[in-house]
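Q: Take this structure first; my questions come after.
The values are calculated or read from the model by the stated rules, or taken from the named source; none is laboratory data. Please read these numbers as outputs of a predicted model, since none were measured by experiment. Cβ sites come from the backbone with ideal geometry, for glycine too, and all protein chains shown count toward neighbours. The accessibility values were calculated without ligands, DNA or RNA, using every heavy atom of the protein model including side chains. Shrake-Rupley method; radii C 1.70, N 1.55, O 1.52, S 1.80 Å.
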Amino acid sequence: MAPSLLQAYRRRWWMAVTAVIENLLCSAVLLGWGSLLIMLKRQGFYSHLCTVNDSVVVSLGNSSVGEVEEWLSCVDQEEMLNLGFTIGSFLLSATTLPLGILMDRFGPRPIRLVGSSCFGLSCIMMAVSAYDPPVLSALIFLALSLNGFGGICLTFTSLTLPNMFGALSSTVMSLMIGSYASSAVTFPGVKLIYDAGVSFQVIMWMWAGLAGFVFFNCFFNWPTEGFPTPDEVDYSKILTLQELPSSDQKTVGERLSQKNGDIQHSTEKLPNGSDPAPSSVPFRRSVFSPIFLWSLVTMGMSQLRIIFFMGAMNKMLEFMVTHGKDHPSDQLVIEAEEKVSFYSSIFGTLQLLCLVTCPLIGYIMDWKMKECEEEKPVPPGIEQQSNGPKRDRKIQKVTNAMRAFILTNMLLLAFGICCLIESLPLQILTFILHTMVRGFIHSCCGGLYAAVYPSNHFGTLTGLQSMISAVIALLQQPLFIAMVGPLKGDPYWINVGLLILSLAGFLLPGYLFYHRRHLLREKQARDKRAVGQEMQALNQTNGYKPHSNGLAAVEA
């Protein structure tokens with residue numbers, strides 16, 4: 001039932017639109033943890049760990065229900081639930097390396113089918129466990145793990161779709177990344193439905209049905225092969241030749257080959273074609289290069305900063321209301337619960353900004369790329385037209401990545417400073433900065449890897465970087481335990497430490513500045529050698545005239 005690559009190309013707009021919607025509703029929804037945490041606490045997950053003395057009372061279920069049952073909430077419950085979030089968010093990033101290897105071997109179709117199945121199963125497990133939380137609370141760990149794994153499967157496979165859009169590939173890629181980053185808005189939206197009176201179980205069963213739609217959409221529309229890059233295959237040429245009668249295919253093929261190269265060169269690199277040429281750069285050299293090592297520092301630090309804020313946001317907001325009082329009054333507890341619920345909904349809604357901000361960083365990464373030299377061979381017999389000096393493509397990509405990382409790190413510093421100020425209205429600005437950094441950092445890293453590394457190393461390097469960043473982000477669990485334990489809910493000193501750690505993010509653009517100067521010197525040396533060779537050839541042509549001494553005439 002799987003379509004061919006040509007059929008998938010004809011359906012590319014349907015696949016792209018549905019992939020954006022599916023990413024928005026089913027990919028990294030776990031990043032909207034603040035709203036899900038409130039619903040899990042209201043459902044009574046792990047409330048059996050609490051005692052009356054060290055607990056506060058929260059209402060069970062929806063606020064519109066007539067009979068409201070009260071459940072206990074305590075630090076032990078929050079630590080257990082936050083551990084589930086830590087595991088789920090870890091799988092959301094750490095599994096990209098094996099997924100990249102599997103996708104290179106089997107294509108995106110089976111990965112997406114497995115991912116949608118895991119996501120649907122996670123929704124079913126959350127719905128079932130909500131029927132008897134004291135007995136089935138442990139299922140939430142497996143449910144959150146499957147949720148994170150299924151979400152990254154959908155996200156990772158959708159990043160191959162832009163290959164079919166040619167000049168629009170950067171725009172489509174930014175929409176895919178933006179929809180992934182904006183998926184944190186889904187749980188706040190679900191919480192609004194939950195507050196309106198719909199039961200948690202009904203919501204999860206409906207969400208499982210949505211995952212079933214994702215499964216069948218992939219089953220009927222995604223091909224078994226991977227999507228080759230525009231450098232490997234020209235889809236428009238193949239589509240044109242397939243649609244024309246056989247008598248006209250030869251003429252059109254010759255016409256296309258004069259403009260854009262031989263049509264056989266475009267088709268021979270398809271999955272069923274000849275084997276691609278092996279890369280001249282060993283993978284070990286890419287892994288141990290300074291750019292990749294510095295990117296691990298920057299991405300690991302940024303990931304820890306982002307994940308810790310998501311996991312601890314509700315406790316931070318609560319501390320701003322209660323100011324760490326050991327025994328707050330009932331009125332203050334109610335006020336804190338209302339404030340946390342309100343601001344967590346704002347945080348989730350602002351995640352939609354990723355759909356707007358991700359194309360912005362894509363514009364910075366593509367700055368003046370049209371003015372760069374085209375790396376295309378000139379057909380024999382045709383003189384290359386020169387329209388003035390051209391920019392070096394690799395140097396321009398490194399320059400754009402350096403500027404993008406500087407902007408992202410500046411926003412990360414501003415975000416860290418806002419976290420130190422105890423002001424609830426100011427937290428809206430903190431949410432906006434957090435959303436922008438989360439959308440920018442992955443686009444910057446992906447653009448940098450695409451600029452300096454071979455294309456066949458891109459997926460593995462990206463997966464390795466995501467896995468190492470996820471391991472570093474596991475530190476958010478001990479940081480959260482320290483905040484709710486010895487620090488009594490005060491995140492100030494943790495935020496100070498993370499702010500200082502954020503300064504390490506400038507080491508990567510600093511090295512990129514040094515690397516850019518090295519590339520400029522190499523380009524100048526190449527240009528000087530080229531000019532010298534041209535002058536030498538010109539002098540030889542004008543100063544040396546061979547004489548035949550009549551031999552040519554005799555031979556004739």
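Q: Filter the range 419-461 for residues that are modelled with pLDDT of 80 or more and of a type in the set (Val, Ile, Thr); which is nearest to ARG403 (Cα to Cα)?
A: Taking the candidates together, the pick is ILE441.
Q: Moving to a separate point now. Could you look through the range 500-522, keep only residues that are in contact (Cβ under 8 Å) with a residue 60 or more places away in the chain and open to solvent by 40 Å² or more (accessible area, probe 1.4 Å), and pick out the one that is farthest from LEU420 (Cα to Cα)?
A: Let us first name the residues in the range 500-522 that are in contact (Cβ under 8 Å) with a residue 60 or more places away in the chain, namely 501-509, 511-513, 515-516, 519-520.
After this cut, where a residue has to be open to solvent by 40 Å² or more (accessible area, probe 1.4 Å) as well, the list is 501, 503, 506-507, 511, 513, 516, 520.
Values: LEU501: 14, LEU503: 16, PHE506: 21, LEU507: 24, TYR511: 29, PHE513: 31, ARG516: 36, LEU520: 41 Å.
Residue satisfying both the conditions and the ranking: LEU520.
Q: Follow-up question, since we're still on this one. Considering each residue of the range 203-253, count those that are modelled with pLDDT under 60, assigned to a helix (DSSP H, G or I) and surrounded by fewer than 18 Cβ atoms within 10 Å (Cβ to Cβ), and give that number.
A: Final tally of qualifying residues: 14.
Q: Here is a list of conditions, (1) surrounded by 13 or more Cβ atoms within 10 Å (Cβ to Cβ); (2) modelled with pLDDT of 90 or more, and TRP493 meets all of them except one; can you say which number that is?
A: Of the numbered conditions (1) surrounded by 13 or more Cβ atoms within 10 Å (Cβ to Cβ); (2) modelled with pLDDT of 90 or more, the odd one out for TRP493 is (1).
Q: Filtering the range 276-285 down to residues that are open to solvent by 100 Å² or more (accessible area, probe 1.4 Å) and at pLDDT 80 or above, which residue is farthest from ASP104 (Cα to Cα)? Show your work before the answer.
A: Looking only at the range 276-285, we keep the residues that are open to solvent by 100 Å² or more (accessible area, probe 1.4 Å), and these are 276, 278, 280, 284-285.
Still in the list and also at pLDDT 80 or above: 284-285.
Working: ARG284: 18, ARG285: 20 Å.
Step by step, filter the range 276-285, then rank; the result is ARG285.
Q: Oh, and also: Could you look through the range 294-335, keep only residues that are touching a strand residue (DSSP E or B) at 6+ places or on another chain (Cβ under 9 Å) and of a type outside the set (Asp, Glu), and pick out the one that is farthest from LEU91 (Cα to Cα)?
A: PRO328
Q: Residues PHE292, PHE319, PHE309, PHE288: which one is modelled with pLDDT of 85 or more, of a type in the set (Phe, Trp, Tyr) and exposed (fewer than 15 other Cβ atoms within 10 Å of the Cβ)? Please lay out each step first, then the result.
A: Numbers: PHE292 fails: exposed (fewer than 15 other Cβ atoms within 10 Å of the Cβ); PHE319 fails: exposed (fewer than 15 other Cβ atoms within 10 Å of the Cβ); PHE309 fails: exposed (fewer than 15 other Cβ atoms within 10 Å of the Cβ).
Residue meeting the stated conditions: PHE288.
Q: Then there's this: Within the range 479-490, can you find the residues that are open to solvent by 10 Å² or more (accessible area, probe 1.4 Å) and either part of a helix (DSSP H, G or I) or aliphatic (A, V, I, L, M) (or both)?
A: Listed by number, the residues that qualify are LEU479, ILE481, ALA482, VAL484, LEU487.
Q: Now, a different point. On the basis of being open to solvent by 40 Å² or more (accessible area, probe 1.4 Å), hydroxyl-bearing (Ser, Thr, Tyr) and either out of contact with any Gly (no Cβ under 6 Å at 6 or more places or on another chain) or within 21 Å of GLY88 (Cβ to Cβ) (or both), does THR171 make the cut? Reasoning before the result, please.
A: Working: open to solvent by 40 Å² or more (accessible area, probe 1.4 Å): yes; hydroxyl-bearing (Ser, Thr, Tyr): yes; either out of contact with any Gly (no Cβ under 6 Å at 6 or more places or on another chain) or within 21 Å of GLY88 (Cβ to Cβ) (or both): yes.
Yes; evaluated as a whole, the condition is true for this residue.
Q: Which condition number in (1) surrounded by fewer than 21 Cβ atoms within 10 Å (Cβ to Cβ); (2) closer than 27 Å to CYS418 by Cβ is the one that ALA530 fails?
A: For ALA530, the exception is condition (2).
Q: Before we move on, is LEU503 part of a helix (DSSP H, G or I) and under 22 Å from the mean Cα position of the chain (by Cα)?
A: Values: part of a helix (DSSP H, G or I): yes; under 22 Å from the mean Cα position of the chain (by Cα): no.
When the stated conditions are applied, LEU503 does not pass them.
Q: Still on this model: Would you check if there is a residue in the range 84-91 being part of a helix (DSSP H, G or I), farther than 20 Å from LEU25 by Cβ and without any contact (Cβ under 8 Å) to a residue 40 or more places away in the chain? Show your work before the answer.
A: Residues of the range 84-91 part of a helix (DSSP H, G or I): 84-91.
Restricting the remaining residues to those that are farther than 20 Å from LEU25 by Cβ gives 84, 86-87, 90.
With the extra rule that they be without any contact (Cβ under 8 Å) to a residue 40 or more places away in the chain, the set shrinks to none.
There is no residue in the range 84-91 that is part of a helix (DSSP H, G or I), farther than 20 Å from LEU25 by Cβ and without any contact (Cβ under 8 Å) to a residue 40 or more places away in the chain.
Q: Quick one: which of LEU429, LEU498, LEU479 is in contact with a Leu (Cβ under 8 Å, 6 or more places away or on another chain) and of a type outside the set (Val, Ile, Thr)?
A: On the way: LEU429 fails: in contact with a Leu (Cβ under 8 Å, 6 or more places away or on another chain); LEU479 fails: in contact with a Leu (Cβ under 8 Å, 6 or more places away or on another chain).
One residue alone meets the criteria, LEU498.
Q: For the condition closer than 30 Å to SER174 by Cβ, modelled with pLDDT under 75, in a helix (DSSP H, G or I) and under 29 Å from the mean Cα position of the chain (by Cα), what is the one hit in LYS370, LYS397?
A: Details: LYS397 fails: modelled with pLDDT under 75.
Matching residue, one of LYS370, LYS397: LYS370.
Q: Under 9 Å between Cβ atoms, which residue pairs at least 6 apart in sequence (or on different chains) link something in the range 293-313 that is over 20 Å from THR430 (Cα atoms) and without any contact (Cβ under 8 Å) to a residue 60 or more places away in the chain with a partner that is assigned to a helix (DSSP H, G or I) and open to solvent by 10 Å² or more (accessible area, probe 1.4 Å)?
A: Close Cβ pairs satisfying both conditions: LEU293/VAL287.
Q: Within the range 454-478, can you find the residues that are in a helix (DSSP H, G or I), of a type outside the set (Val, Ile, Thr) and open to solvent by less than 50 Å² (accessible area, probe 1.4 Å)? Before the answer, list the steps.
A: Keep residues of the range 454-478 that are in a helix (DSSP H, G or I), which gives 455-473, 476-478.
Among the residues that remain, those that are also of a type outside the set (Val, Ile, Thr) are: 455-459, 461, 463-467, 469-470, 473, 476-478.
Within the range 454-478, HIS457, GLY459, LEU461, GLY463, LEU464, GLN465, SER466, SER469, ALA470, ALA473, GLN476, GLN477 meet the criteria.
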